[in-house]
Amino acid sequence: MSVTKENTSKPAVLVILATGKMGLGISQAFLNNGKYKVYGTSRDPNNPKLLERGIIPIEFRFGDQESMKNALRVSNASVAILITDLIRIANKSPEQEYLHGKVMIDACKQAETSHVIFCSNHCCEVSTDICTAKNMTNKLAIEIYLKSTGLPCYSILRPASFMENYDDPINYNPLMRGNLSELYPRDVKVCLVATRDIGKAAVVMAENRRKWAGSTLDCASCLSTGAENADILSSVSGVSCVYKKAPPNCILWFISRDLYQMVKYVSSGMEGWDAHDSIAKFRAVVPDALGVDEWFKLKGMWANGSRFRESKTPRQKRLNLLSTKILVPAAAVLVAAVAAAVRMHISS
(Lines give C-alpha, C1' and ligand atoms only; values in the text may rest on other atoms or scores of the structure.)
Protein backbone atom coordinates (compact mmCIF):
# COMPACT_ATOMS: atom_id res chain seq x y z
CA MET A 1 0.00 0.00 0.00
CA SER A 2 1.35 3.46 -0.89
CA VAL A 3 1.34 5.97 1.94
CA THR A 4 -0.16 9.21 0.62
CA LYS A 5 0.31 12.72 1.98
CA GLU A 6 -3.31 12.58 3.14
CA ASN A 7 -2.93 9.55 5.35
CA THR A 8 0.45 10.61 6.77
CA SER A 9 -1.36 13.57 8.34
CA LYS A 10 -3.87 11.30 10.06
CA PRO A 11 -3.35 9.95 13.58
CA ALA A 12 -2.33 6.30 13.57
CA VAL A 13 -3.86 3.31 15.31
CA LEU A 14 -1.94 0.07 15.85
CA VAL A 15 -4.00 -3.12 16.06
CA ILE A 16 -2.26 -6.17 17.50
CA LEU A 17 -3.34 -9.48 15.91
CA ALA A 18 -5.07 -7.61 13.11
CA THR A 19 -5.42 -10.82 11.10
CA GLY A 20 -7.77 -12.39 13.64
CA LYS A 21 -11.56 -12.06 13.64
CA MET A 22 -11.68 -9.32 16.27
CA GLY A 23 -8.52 -7.55 15.13
CA LEU A 24 -9.77 -7.39 11.55
CA GLY A 25 -13.17 -6.10 12.67
CA ILE A 26 -11.57 -3.38 14.78
CA SER A 27 -9.14 -2.40 12.00
CA GLN A 28 -12.00 -2.12 9.51
CA ALA A 29 -14.00 0.08 11.89
CA PHE A 30 -11.12 2.55 12.16
CA LEU A 31 -10.69 2.52 8.38
CA ASN A 32 -14.40 3.14 7.88
CA ASN A 33 -14.21 6.06 10.30
CA GLY A 34 -11.85 7.74 7.84
CA LYS A 35 -9.86 9.73 10.39
CA TYR A 36 -7.08 7.22 11.03
CA LYS A 37 -4.36 5.38 9.19
CA VAL A 38 -4.40 1.81 10.43
CA TYR A 39 -1.44 -0.44 11.11
CA GLY A 40 -1.93 -4.12 11.89
CA THR A 41 0.53 -6.69 13.17
CA SER A 42 1.19 -9.95 11.37
CA ARG A 43 3.93 -12.54 11.08
CA ASP A 44 4.03 -11.58 7.39
CA PRO A 45 5.14 -7.95 6.73
CA ASN A 46 3.43 -8.17 3.32
CA ASN A 47 0.24 -9.85 4.50
CA PRO A 48 -2.21 -9.68 1.55
CA LYS A 49 -5.25 -10.03 3.85
CA LEU A 50 -4.31 -6.69 5.43
CA LEU A 51 -2.96 -4.93 2.35
CA GLU A 52 -6.07 -5.53 0.26
CA ARG A 53 -8.14 -3.78 2.94
CA GLY A 54 -5.83 -0.77 3.24
CA ILE A 55 -4.26 -1.87 6.54
CA ILE A 56 -0.48 -1.34 6.75
CA PRO A 57 1.15 -4.60 7.95
CA ILE A 58 3.93 -4.61 10.54
CA GLU A 59 5.90 -7.76 11.27
CA PHE A 60 5.39 -8.76 14.89
CA ARG A 61 6.26 -11.52 17.36
CA PHE A 62 4.25 -11.99 20.55
CA GLY A 63 6.25 -11.84 23.77
CA ASP A 64 9.15 -9.98 22.12
CA GLN A 65 9.68 -6.56 23.72
CA GLU A 66 11.75 -5.24 20.82
CA SER A 67 9.13 -6.37 18.32
CA MET A 68 6.44 -4.41 20.19
CA LYS A 69 8.68 -1.36 20.52
CA ASN A 70 9.35 -1.50 16.78
CA ALA A 71 5.64 -1.74 15.95
CA LEU A 72 4.92 1.35 18.07
CA ARG A 73 7.90 3.21 16.59
CA VAL A 74 7.10 2.39 12.95
CA SER A 75 3.39 3.19 13.30
CA ASN A 76 3.87 6.18 15.59
CA ALA A 77 0.47 5.15 16.91
CA SER A 78 -1.48 7.40 19.23
CA VAL A 79 -3.92 4.53 19.85
CA ALA A 80 -2.83 0.93 20.48
CA ILE A 81 -5.36 -1.91 20.44
CA LEU A 82 -3.97 -4.83 22.44
CA ILE A 83 -5.30 -8.35 21.79
CA THR A 84 -4.03 -11.60 23.31
CA ASP A 85 -5.00 -15.17 22.41
CA LEU A 86 -4.71 -17.95 24.97
CA ILE A 87 -5.62 -20.85 22.69
CA ARG A 88 -3.73 -20.28 19.44
CA ILE A 89 -0.98 -17.73 20.12
CA ALA A 90 -0.12 -18.65 23.71
CA ASN A 91 -0.62 -22.38 23.02
CA LYS A 92 -3.09 -22.73 25.94
CA SER A 93 -0.49 -21.42 28.44
CA PRO A 94 -1.96 -18.80 30.86
CA GLU A 95 1.55 -17.76 31.86
CA GLN A 96 2.51 -17.18 28.23
CA GLU A 97 -0.64 -15.14 27.50
CA TYR A 98 -0.04 -13.02 30.60
CA LEU A 99 3.54 -12.39 29.43
CA HIS A 100 2.27 -11.36 25.99
CA GLY A 101 -0.06 -8.81 27.58
CA LYS A 102 2.59 -7.52 30.00
CA VAL A 103 5.20 -7.04 27.27
CA MET A 104 2.77 -5.02 25.13
CA ILE A 105 1.60 -2.87 28.04
CA ASP A 106 5.16 -2.15 29.19
CA ALA A 107 6.18 -1.12 25.66
CA CYS A 108 3.18 1.22 25.40
CA LYS A 109 4.10 2.85 28.69
CA GLN A 110 7.70 3.34 27.59
CA ALA A 111 6.58 4.78 24.23
CA GLU A 112 4.08 7.05 26.03
CA THR A 113 1.25 5.84 23.81
CA SER A 114 -1.63 8.31 24.19
CA HIS A 115 -4.40 5.71 24.50
CA VAL A 116 -4.20 1.96 25.12
CA ILE A 117 -7.32 -0.15 24.57
CA PHE A 118 -7.12 -3.72 25.85
CA CYS A 119 -9.52 -6.35 24.51
CA SER A 120 -10.42 -8.60 27.42
CA ASN A 121 -13.32 -11.05 27.80
CA HIS A 122 -16.89 -10.70 29.01
CA CYS A 123 -17.61 -12.20 32.42
CA CYS A 124 -13.88 -12.19 33.26
CA GLU A 125 -14.62 -10.91 36.76
CA VAL A 126 -16.64 -14.02 37.60
CA SER A 127 -15.45 -15.74 40.76
CA THR A 128 -13.11 -18.69 40.24
CA ASP A 129 -15.44 -20.57 42.59
CA ILE A 130 -18.00 -20.40 39.78
CA CYS A 131 -15.82 -20.61 36.66
CA THR A 132 -12.20 -21.68 36.25
CA ALA A 133 -11.84 -20.99 32.51
CA LYS A 134 -8.40 -19.43 32.09
CA ASN A 135 -9.38 -17.68 28.86
CA MET A 136 -11.69 -15.60 31.07
CA THR A 137 -9.85 -15.23 34.37
CA ASN A 138 -6.46 -14.73 32.71
CA LYS A 139 -7.76 -11.67 30.88
CA LEU A 140 -8.70 -10.22 34.28
CA ALA A 141 -5.10 -10.69 35.47
CA ILE A 142 -3.89 -8.67 32.46
CA GLU A 143 -6.51 -6.00 33.21
CA ILE A 144 -5.22 -5.75 36.78
CA TYR A 145 -1.64 -5.36 35.55
CA LEU A 146 -2.73 -2.70 33.05
CA LYS A 147 -4.40 -0.70 35.81
CA SER A 148 -1.30 -0.94 38.02
CA THR A 149 1.13 0.57 35.51
CA GLY A 150 0.06 4.19 35.82
CA LEU A 151 -0.64 4.56 32.10
CA PRO A 152 -2.26 8.00 31.65
CA CYS A 153 -5.07 6.73 29.42
CA TYR A 154 -6.32 3.19 29.02
CA SER A 155 -9.72 1.62 28.30
CA ILE A 156 -10.97 -1.96 28.33
CA LEU A 157 -13.35 -3.77 25.99
CA ARG A 158 -14.91 -7.05 27.13
CA PRO A 159 -16.40 -8.79 24.08
CA ALA A 160 -18.96 -11.58 24.29
CA SER A 161 -19.02 -14.49 21.83
CA PHE A 162 -18.48 -13.39 18.22
CA MET A 163 -21.25 -13.81 15.67
CA GLU A 164 -18.43 -14.60 13.25
CA ASN A 165 -17.94 -17.91 15.08
CA TYR A 166 -20.98 -19.16 13.15
CA ASP A 167 -18.82 -19.13 10.00
CA ASP A 168 -15.32 -20.06 11.10
CA PRO A 169 -13.60 -22.41 8.63
CA ILE A 170 -10.20 -22.00 10.34
CA ASN A 171 -11.69 -23.64 13.44
CA TYR A 172 -13.52 -26.29 11.37
CA ASN A 173 -16.90 -24.62 11.65
CA PRO A 174 -17.87 -23.25 8.21
CA LEU A 175 -21.44 -22.05 7.68
CA MET A 176 -22.85 -24.98 5.69
CA ARG A 177 -26.19 -24.90 3.92
CA GLY A 178 -28.95 -26.00 6.31
CA ASN A 179 -26.68 -26.16 9.37
CA LEU A 180 -25.65 -23.85 12.21
CA SER A 181 -23.08 -24.91 14.80
CA GLU A 182 -21.38 -23.51 17.87
CA LEU A 183 -19.91 -24.65 21.19
CA TYR A 184 -23.07 -24.22 23.24
CA PRO A 185 -26.12 -26.50 23.64
CA ARG A 186 -29.08 -25.51 21.43
CA ASP A 187 -31.28 -24.07 24.20
CA VAL A 188 -28.61 -22.12 26.10
CA LYS A 189 -28.87 -18.33 25.88
CA VAL A 190 -25.57 -16.82 24.74
CA CYS A 191 -24.52 -13.16 24.52
CA LEU A 192 -23.30 -12.31 21.03
CA VAL A 193 -21.61 -9.41 19.28
CA ALA A 194 -20.34 -8.75 15.76
CA THR A 195 -16.64 -7.91 15.56
CA ARG A 196 -17.43 -4.82 13.48
CA ASP A 197 -19.40 -3.49 16.47
CA ILE A 198 -16.50 -4.14 18.86
CA GLY A 199 -14.54 -2.01 16.41
CA LYS A 200 -17.17 0.73 16.49
CA ALA A 201 -16.95 0.78 20.29
CA ALA A 202 -13.14 1.07 20.06
CA VAL A 203 -13.52 4.04 17.71
CA VAL A 204 -15.90 5.73 20.16
CA MET A 205 -13.33 5.24 22.92
CA ALA A 206 -10.52 6.62 20.75
CA GLU A 207 -12.60 9.65 19.74
CA ASN A 208 -13.52 10.38 23.36
CA ARG A 209 -10.44 9.23 25.25
CA ARG A 210 -10.90 11.56 28.22
CA LYS A 211 -14.41 10.26 28.80
CA TRP A 212 -13.32 6.62 28.47
CA ALA A 213 -10.01 6.85 30.37
CA GLY A 214 -9.97 4.08 32.97
CA SER A 215 -13.36 2.76 31.81
CA THR A 216 -14.56 -0.73 30.88
CA LEU A 217 -17.30 -1.69 28.42
CA ASP A 218 -18.93 -5.11 28.02
CA CYS A 219 -19.55 -5.74 24.32
CA ALA A 220 -22.77 -7.67 23.70
CA SER A 221 -25.59 -6.68 21.38
CA CYS A 222 -28.07 -9.54 21.84
CA LEU A 223 -28.91 -12.64 23.85
CA SER A 224 -30.27 -15.72 22.08
CA THR A 225 -30.08 -19.50 21.81
CA GLY A 226 -28.61 -21.58 19.02
CA ALA A 227 -32.07 -22.93 18.20
CA GLU A 228 -33.45 -19.38 17.89
CA ASN A 229 -30.55 -18.38 15.66
CA ALA A 230 -31.07 -21.40 13.41
CA ASP A 231 -34.70 -20.28 12.95
CA ILE A 232 -33.44 -16.78 12.08
CA LEU A 233 -30.99 -18.23 9.54
CA SER A 234 -33.81 -20.31 8.04
CA SER A 235 -35.88 -17.15 7.53
CA VAL A 236 -32.98 -15.12 6.10
CA SER A 237 -31.55 -17.82 3.84
CA GLY A 238 -34.77 -19.47 2.67
CA VAL A 239 -33.34 -22.86 3.71
CA SER A 240 -34.57 -24.90 6.66
CA CYS A 241 -31.67 -24.92 9.12
CA VAL A 242 -30.94 -27.00 12.21
CA TYR A 243 -28.65 -26.14 15.10
CA LYS A 244 -26.01 -28.60 16.26
CA LYS A 245 -23.66 -28.25 19.19
CA ALA A 246 -20.15 -28.96 17.96
CA PRO A 247 -18.09 -30.56 19.27
CA PRO A 248 -19.79 -32.61 22.02
CA ASN A 249 -18.69 -31.71 25.56
CA CYS A 250 -16.66 -34.90 25.97
CA ILE A 251 -14.60 -34.00 22.89
CA LEU A 252 -14.39 -30.33 23.88
CA TRP A 253 -13.01 -31.34 27.28
CA PHE A 254 -10.33 -33.34 25.49
CA ILE A 255 -9.50 -30.46 23.11
CA SER A 256 -9.53 -27.59 25.63
CA ARG A 257 -10.40 -27.72 29.33
CA ASP A 258 -10.74 -23.93 29.36
CA LEU A 259 -13.30 -23.81 26.54
CA TYR A 260 -15.13 -26.67 28.27
CA GLN A 261 -15.27 -24.67 31.53
CA MET A 262 -16.42 -21.55 29.68
CA VAL A 263 -19.26 -23.46 27.98
CA LYS A 264 -20.20 -25.00 31.31
CA TYR A 265 -20.39 -21.54 32.95
CA VAL A 266 -22.45 -19.98 30.15
CA SER A 267 -24.74 -23.03 30.08
CA SER A 268 -25.38 -22.63 33.83
CA GLY A 269 -26.88 -19.17 33.25
CA MET A 270 -23.80 -16.94 33.74
CA GLU A 271 -24.22 -16.43 37.47
CA GLY A 272 -22.96 -13.06 38.65
CA TRP A 273 -23.37 -11.30 35.29
CA ASP A 274 -26.34 -9.20 34.14
CA ALA A 275 -26.57 -9.81 30.41
CA HIS A 276 -29.51 -7.48 29.77
CA ASP A 277 -27.85 -4.56 31.55
CA SER A 278 -24.62 -5.11 29.57
CA ILE A 279 -26.51 -5.21 26.27
CA ALA A 280 -28.36 -1.96 27.08
CA LYS A 281 -25.10 -0.19 27.95
CA PHE A 282 -23.37 -1.43 24.81
CA ARG A 283 -26.22 -0.37 22.56
CA ALA A 284 -26.10 3.10 24.13
CA VAL A 285 -22.52 3.34 22.80
CA VAL A 286 -23.14 1.53 19.48
CA PRO A 287 -26.82 2.21 18.66
CA ASP A 288 -26.67 0.44 15.29
CA ALA A 289 -25.08 -2.73 16.69
CA LEU A 290 -26.17 -5.77 14.72
CA GLY A 291 -28.63 -8.38 15.86
CA VAL A 292 -28.22 -11.95 14.64
CA ASP A 293 -30.79 -11.44 11.84
CA GLU A 294 -28.97 -8.35 10.56
CA TRP A 295 -25.62 -10.14 10.73
CA PHE A 296 -26.93 -13.05 8.64
CA LYS A 297 -28.43 -10.61 6.12
CA LEU A 298 -25.08 -8.84 5.76
CA LYS A 299 -23.30 -12.19 5.51
CA GLY A 300 -25.63 -13.21 2.70
CA MET A 301 -23.92 -16.45 1.75
CA TRP A 302 -22.81 -19.90 2.82
CA ALA A 303 -19.16 -20.74 3.37
CA ASN A 304 -18.88 -22.19 -0.16
CA GLY A 305 -19.80 -18.82 -1.69
CA SER A 306 -23.34 -19.65 -2.77
CA ARG A 307 -25.80 -16.88 -1.98
CA PHE A 308 -28.74 -17.22 0.38
CA ARG A 309 -31.99 -17.99 -1.49
CA GLU A 310 -29.98 -19.11 -4.51
CA SER A 311 -31.45 -22.20 -6.19
CA LYS A 312 -29.34 -25.34 -5.98
CA THR A 313 -28.20 -27.16 -9.07
CA PRO A 314 -29.08 -30.88 -9.37
CA ARG A 315 -25.46 -31.72 -8.49
CA GLN A 316 -25.64 -29.56 -5.33
CA LYS A 317 -28.88 -31.30 -4.36
CA ARG A 318 -27.20 -34.70 -4.70
CA LEU A 319 -24.20 -33.54 -2.66
CA ASN A 320 -26.45 -32.09 0.03
CA LEU A 321 -28.40 -35.37 0.20
CA LEU A 322 -25.12 -37.29 0.48
CA SER A 323 -23.98 -34.96 3.28
CA THR A 324 -27.18 -35.06 5.35
CA LYS A 325 -28.04 -38.76 4.87
CA ILE A 326 -24.58 -40.34 4.93
CA LEU A 327 -21.67 -38.08 5.88
CA VAL A 328 -23.26 -36.36 8.89
CA PRO A 329 -24.51 -39.62 10.49
CA ALA A 330 -21.11 -41.20 9.79
CA ALA A 331 -19.37 -38.28 11.49
CA ALA A 332 -21.68 -38.64 14.49
CA VAL A 333 -20.78 -42.33 14.78
CA LEU A 334 -17.07 -41.44 14.55
CA VAL A 335 -17.39 -38.80 17.27
CA ALA A 336 -19.22 -41.24 19.53
CA ALA A 337 -16.50 -43.84 18.97
CA VAL A 338 -13.74 -41.36 19.81
CA ALA A 339 -15.63 -40.24 22.94
CA ALA A 340 -15.98 -43.87 24.07
CA ALA A 341 -12.27 -44.45 23.48
CA VAL A 342 -11.40 -41.35 25.51
CA ARG A 343 -13.63 -42.48 28.38
CA MET A 344 -12.03 -45.92 28.34
CA HIS A 345 -8.57 -44.35 28.35
CA ILE A 346 -9.43 -42.11 31.30
CA SER A 347 -10.96 -44.94 33.31
CA SER A 348 -8.12 -47.40 32.64
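The values are calculated or read from the model by the stated rules, or taken from the named source; none is laboratory data. Since the model is a prediction, treat every value here as computed from it, not as a measurement. No Cβ is skipped: glycine too gets one built from the backbone with ideal geometry, and neighbour counts run over all protein chains shown. Quick note on the areas: whole protein, heavy atoms, side chains included, nothing else; ligands and nucleic acids left out. Shrake-Rupley method; radii C 1.70, N 1.55, O 1.52, S 1.80 Å.
Observations on the model:
- Selected residue (only one of 56, 89, 105 is within 19 Å of the chain's Cα centre (by Cα) and either polar (S, T, N, Q) or crowded, with 16+ Cβ neighbours inside 10 Å (or both)): 89
- Test: residue 151 is closer than 16 Å to residue 106 by Cβ, open to solvent by less than 40 Å² (accessible area, probe 1.4 Å) and not in a helix (DSSP H, G or I): yes
- Count - residues of the stretch 173-212 that are surrounded by fewer than 17 Cβ atoms within 10 Å (Cβ to Cβ) and out of contact with any helix residue (DSSP H, G or I) (no Cβ under 9 Å at 6 or more places or on another chain): 3
- On the stretch given as the stretch 232-260, residues that are polar (S, T, N, Q) and crowded, with 20+ Cβ neighbours inside 10 Å total 1.
- Output for the stretch 190-235, where each listed residue is among the charged types (D, E, K, R) and under 18 Å from the mean Cα position of the chain (by Cα): 196, 197, 200, 218
- Restricted to the stretch 113-146, and to residues there that are modelled with pLDDT of 85 or more and over 23 Å from the mean Cα position of the chain (by Cα), the residue that is surrounded by the most Cβ atoms within 10 Å (Cβ to Cβ) is 113.
- Residue within the stretch 120-132 that is in a helix (DSSP H, G or I), under 22 Å from residue 41 (Cα atoms) and without any contact (Cβ under 8 Å) to a residue 40 or more places away in the chain present: no
- Those residues of the stretch 17-76 which are over 19 Å from residue 196 (Cα atoms), in a loop (DSSP other than H, G, I, E, B) and not hydrophobic (A, V, I, L, M, F, W, C), in sequence order: 43, 44, 45, 46, 47, 61, 63, 64, 76
- Any hit, the stretch 82-89, residues being without any contact (Cβ under 8 Å) to a residue 40 or more places away in the chain and either closer than 28 Å to residue 290 by Cα or not basic (Lys, Arg) (or both): yes
- Selection status of residue 110, at pLDDT 95 or above and more than 29 Å from residue 263 (Cα to Cα): yes
- Residue in the stretch 31-53 that is open to solvent by less than 40 Å² (accessible area, probe 1.4 Å) and under 18 Å from residue 149 (Cβ atoms) present: no
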